[in-house]
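Below is one structure, written out as structure tokens, with a few remarks after it.
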């Protein structure tokens with residue numbers, strides 16, 4: 001671990017984007033002999049809004065999940081981008097649609113650096129969002145759930161059972177024409193023959209519709225959903241229950257991956273040109289990558305169930 005050469009990652013966006021940016025920084029750090037430090041609790045962060053180390057443990061010495069370990073370095077020394085010199089904490093950032101990056105609010109300059117170059121400066125800062133195919137899964141291969149999250153996962157699996165179908169529906173910032181799509185799959189063999197259905201969604205109306213459509217199936221959903229918002233859960237401003245919201249999102253992802261059959265749908269046309277929610281795609285990738293899933297959970301009692309379900 002080289003604390004004389006650090007790259008600080010302040011990832012933005014939903015969980016998939018956050019993991020993609022973490023992987024991007026970790027790859028850079030490996031290439032140029034730096035230590036990657038993850039900060040998901042900066043004043044201008046749009047998601048997580050808490051220390052990443054409350055949810056995950058790093059499986060690699062060169063990846064630190066809490067920026068408090070380098071606190072003194074954030075207020076001294078040279079840094080890239082250089083407009084952050086003097087204090088890497090106190091800036092404000094927002095997403096600039098013209099340049100399609102997060103920028104510092106005063107200078108309107110992107111808070112990042114050239115990932116193809118090495119730098120002499122001891123500290124580099126990357127504050128941005130964005131997805132990259134396969135990157136979020138690779139980031140998860142570097143991580144393990146904290147024991148308290150694994151304990152809660154076991155409780156939820158005991159509630160629903162180890163063999164269940166699952167549905168993910170995104171319907172806030174990204175929207176889904178979910179009612180006819182759900183109606184199309186209601187007679188799918190995986191649903192006709194299942195007794196337990198797990199539903200992960202950011203919209204309580206979607207959950208209520210599933211309960212009415214699949215009335216003969218036991219439906220489980222563990223996340224606390226706002227009664228009315230329209231915002232994705234990761235953008236809600238209230239920090240009072242931030243730990244519960246983050247925990248639920250992470251465990252929803254893992255439970256989707258642990259399902260015997262996973263359903264998700266194309267989202268409606270959007271400004272980003274995305275066809276599917278990144279969260280849905282990551283759940284499918286994780287379901288298909290048993291080695292990463294086992295390493296992430298790191299609990300033998302769950303791994304036995306994973307291995308025996310194929």
Rounded to the nearest 10, the angle in degrees between the Cα long axis of helix 204-213 and the longest principal axis of the Cα atoms of the chain comes to 20 degrees
Taking the number of other C-beta atoms within 10 Å as the exposure measure, put 65, 207, 296 in order starting with the fewest.
207, 65, 296
Largest to smallest principal axis extent of the C-alpha atoms in segment 90-173, angstrom
52, 34, 28
Expressed as a whole number of Å, what is the distance separating the alpha-carbon centroids of segment 81-150 and segment 253-305?
24 Å
Tell me the angle of helix 147-160 to the major Cα principal axis of the chain, expressed in degrees between 0 and 90 and rounded to the nearest ten.
20 degrees
Please give the contour-minus-distance gain from residue 294 to residue 43: 0.36 nm per residue of separation, less the Cα-Cα distance, rounded to one decimal in nm.
87.0 nm
Largest-first principal axis extents, alpha carbons of the chain, Å:
63, 42, 35
Semi-axes (Å, rounded, descending) of the ellipsoid equivalent to segment 146-308 per its C-alpha gyration tensor are 23, 20, 16
Kirkwood hydrodynamic radius of segment 6-136, Cα pairs, Å
14.6 Å
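What is the packing order of peptides 279-291, 154-166, taking the mean over residues of other C-beta atoms within 10 Å and listing the highest first? Please list the in-between numbers first.
Details: 279-291: 19.0, 154-166: 16.7.
So the peptides 279-291, 154-166, ranked by packing, come out 279-291, 154-166.
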Spacing of the two label points (7 Å from each Cα toward its C-beta) at residue 83 and residue 193, in nm:
5.9 nm
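Calculate, in whole percent, how much of the Cα-Cα pair population of segment 54-206 lies beyond 21 Å. Provide the component values of the computation, followed by the final result.
Numbers: 7904 of 11628 pairs.
Counting every Cα pair in segment 54-206, those more than 21 Å apart make up 68 percent.
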Fewest to most Cβ atoms within 10 Å: 136, 141 sort as 141, 136
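The numbers here are math on the coordinates, done by the rules we state, and not lab data. Keep in mind it's a predicted model, so treat the numbers as computed, not measured. Heads up, the Cβs are rebuilt from the backbone with ideal geometry, glycines too, and the neighbour counts pull from every protein chain shown.
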